[in-house]
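K.L.:
Would you mind keeping the following structure in view while I ask a few things?
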Amino acid sequence: MLLSGKGKHRRSSKATRAIALAGAAGVAVAAPLMAAGTASAATASEWDAVAQCESGGNWSINTGNGYYGGLQFSASTWAAYGGTAYAPTADQASKSQQIAIAEKVLAGQGKGAWPSCGVGLSSATYSGGSAESTTPQRSTEQPTTRSEQRQAPKQSAPKQTAPKKADAKKTVTTPTGKKVKKGDGEYKVVAGDTLSKIAQAHGVKGGWAKLFELNKDVVEDADLIYPGQQLHLK
């Protein structure tokens, strides 16, 4: 967040007094006041471009899709990077406050937090420590921003295998209750049929013996065939 001119004046005066005191005591002093915070990683115009891409430049937008504000933060990311110090969700925070949190997200996660809209952002730099030590770990459960949600790979639904045909469709039940092979031939046996009758009616060369040979994987006994069995004629 940008400091007012008055704030800058107070800060500069405080630092000057601290250094003057240190000089009078003859002791070397580090100046954490001057090094604290983060270096600006992206310009205001760059963030404006991201907001234009994400939300049409509406910094107070809340459409109910789970992402808030001009840069479309998820609620969990906003909270994880300290945004709730400003407002419960990003849409209720000012533009400068949203940018302040965005800088932290950029430093911790890079442009990938806005994969569709953040390509023009400058690289993030931290002057107060590494991104690992100053930013929370990235959540793998929810995308950081709306554009990242759009880029997230869709999980394919598990393939459903067709149920196997019931054995009942591959067998025929005899009058005694025994199950015999049904077969997949072109002729369906009816009551009163014999191999001899079928061979004669359909002109099977070789007669019943040939018909039996053609269907020996289905017919176990040449004298026993059952209605519903399907026999090959050639």
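The values are calculated or read from the model by the stated rules, or taken from the named source; none is laboratory data. What you see is a predicted model; the values in this text were computed from it and never measured. When we count neighbours, we look across all protein chains shown, and the Cβ atoms used for this are built from the backbone with ideal geometry, even at glycine. Keep in mind that these areas ignore ligands, DNA and RNA; they rest on the heavy atoms of the full protein, side chains included. Shrake-Rupley method; radii C 1.70, N 1.55, O 1.52, S 1.80 Å.
K.L.:
Given (1) open to solvent by 50 Å² or more (accessible area, probe 1.4 Å); (2) under 22 Å from the mean Cα position of the chain (by Cα); (3) acidic (Asp, Glu), where does GLU54 come up short, assuming only one miss?
P.N.:
(1)
Okay, residues lined up against (1) modelled with pLDDT under 85; (2) surrounded by fewer than 23 Cβ atoms within 10 Å (Cβ to Cβ); (3) within 13 Å of ASP48 (Cα to Cα); (4) among the aliphatic types (A, V, I, L, M):
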{"site": "PHE73", "(1), (2), (3), (4)": "no, no, no, no"}
{"site": "ALA87", "(1), (2), (3), (4)": "no, yes, no, yes"}
{"site": "GLY108", "(1), (2), (3), (4)": "no, yes, no, no"}
{"site": "GLY128", "(1), (2), (3), (4)": "yes, yes, no, no"}
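K.L.:
Out of all the residues in region 167-225, which are crowded, with 18+ Cβ neighbours inside 10 Å and on the phi > 0 side of the Ramachandran plot?
P.N.:
Correct list: GLY183 only.
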